[in-house]
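What follows is a short report on a single structure.
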Amino acid sequence: MEKEAERSPHALTPRAYGAFLKELFPLWTEGLLRGRYISVRLFDNLVRQAAGRSPEMCGMRGVCSPQFVVEADGSVYPCDFYVLDELRLGNIRENSLDALISHPACRAFLAPVLPAPCRDCPVFSLCRGGCRRSRSLFHAEEGYCPYRDFLLSCREELSAASAFVFGKGPSAARL
């Protein structure tokens with residue numbers, strides 16, 4: 001985890017991110033209910049999950065899935081956020097997709113990792129710990145998680161949005 005001393009003074013803080021989500025979601029929900037839907041991927045996925053549907057974002061599934069990135073030289077990496085030498089899986093010109101997904105670095109990358117703060121979280125069923133790339137932000141402040149703060153604060157709006165989007169009748173929208 002990133003140490004506070006190593007963080008840029010301009011870096012986003014967990015509380016600022018939580019406050020942003022808590023301010024934006026009611027505005028997004030109001031627009032949705034008034035027929036002025038604007039896609040916000042995180043919110044779209046949360047509404048899907050609140051309705052018991054699967055999220056489309058890999059970071060909201062609780063486990064990473066291979067999102068192969070192929071660089072100009074043919075090098076393949078498991079995720080666009082992790083184009084790192086130690087996660088180079090091979091070369092698309094030399095290795096089959098089966099070989100790339102079976103690579104030990106890929107298997108290790110795809111192995112589920114549940115952060116300790118998420119183990120007993122009341123909103124874990126919605127965020128699933130978030131994308132592993134964001135976890136250093138989520139857990140940068142001990143005892144505080146922006147997703148937990150946000151999700152606990154927006155239960156009514158999330159329920160209303162989910163019922164509207166996936167409810168019955170002609171006014172139901174689709175995400």
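Numbers at a glance
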quantity	calculated
Search result, residues across the range 125-144 that are over 14 Å from LEU12 (Cβ atoms), touching a Lys or Arg at 6+ places or on another chain (Cβ under 9 Å) and not in a loop (DSSP other than H, G, I, E, B)	CYS127
Any chance ASP73 is open to solvent by 80 Å² or more (accessible area, probe 1.4 Å), assigned to a loop (DSSP other than H, G, I, E, B), free of Cβ contacts under 8 Å to residues at least 40 places away in the same chain and in contact with a strand residue (DSSP E or B) (Cβ under 6 Å, 6 or more places away or on another chain)	no
Test: SER136 is more than 19 Å from the chain's Cα centre (by Cα), among the hydroxyl-bearing types (Ser, Thr, Tyr) and modelled with pLDDT under 90	no
Unique residue being more than 26 Å from VAL40 (Cβ to Cβ), β-branched (Val, Ile, Thr) and under 19 Å from the mean Cα position of the chain (by Cα) when the list is VAL113, VAL76	VAL113
Residue in the range 22-37 that is in contact with a Leu (Cβ under 9 Å, 6 or more places away or on another chain) and in a loop (DSSP other than H, G, I, E, B) present	yes
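The values are calculated or read from the model by the stated rules, or taken from the named source; none is laboratory data. A quick note: this is a predicted structure, and the numbers were derived from the prediction, not measured. Positions of Cβ are backbone-derived with ideal geometry, glycine not excepted, and every protein chain shown enters the neighbour counts. Just so you know, the surface numbers come from the protein's heavy atoms only, side chains and all, with ligands and any DNA or RNA stripped out. Shrake-Rupley method; radii C 1.70, N 1.55, O 1.52, S 1.80 Å.
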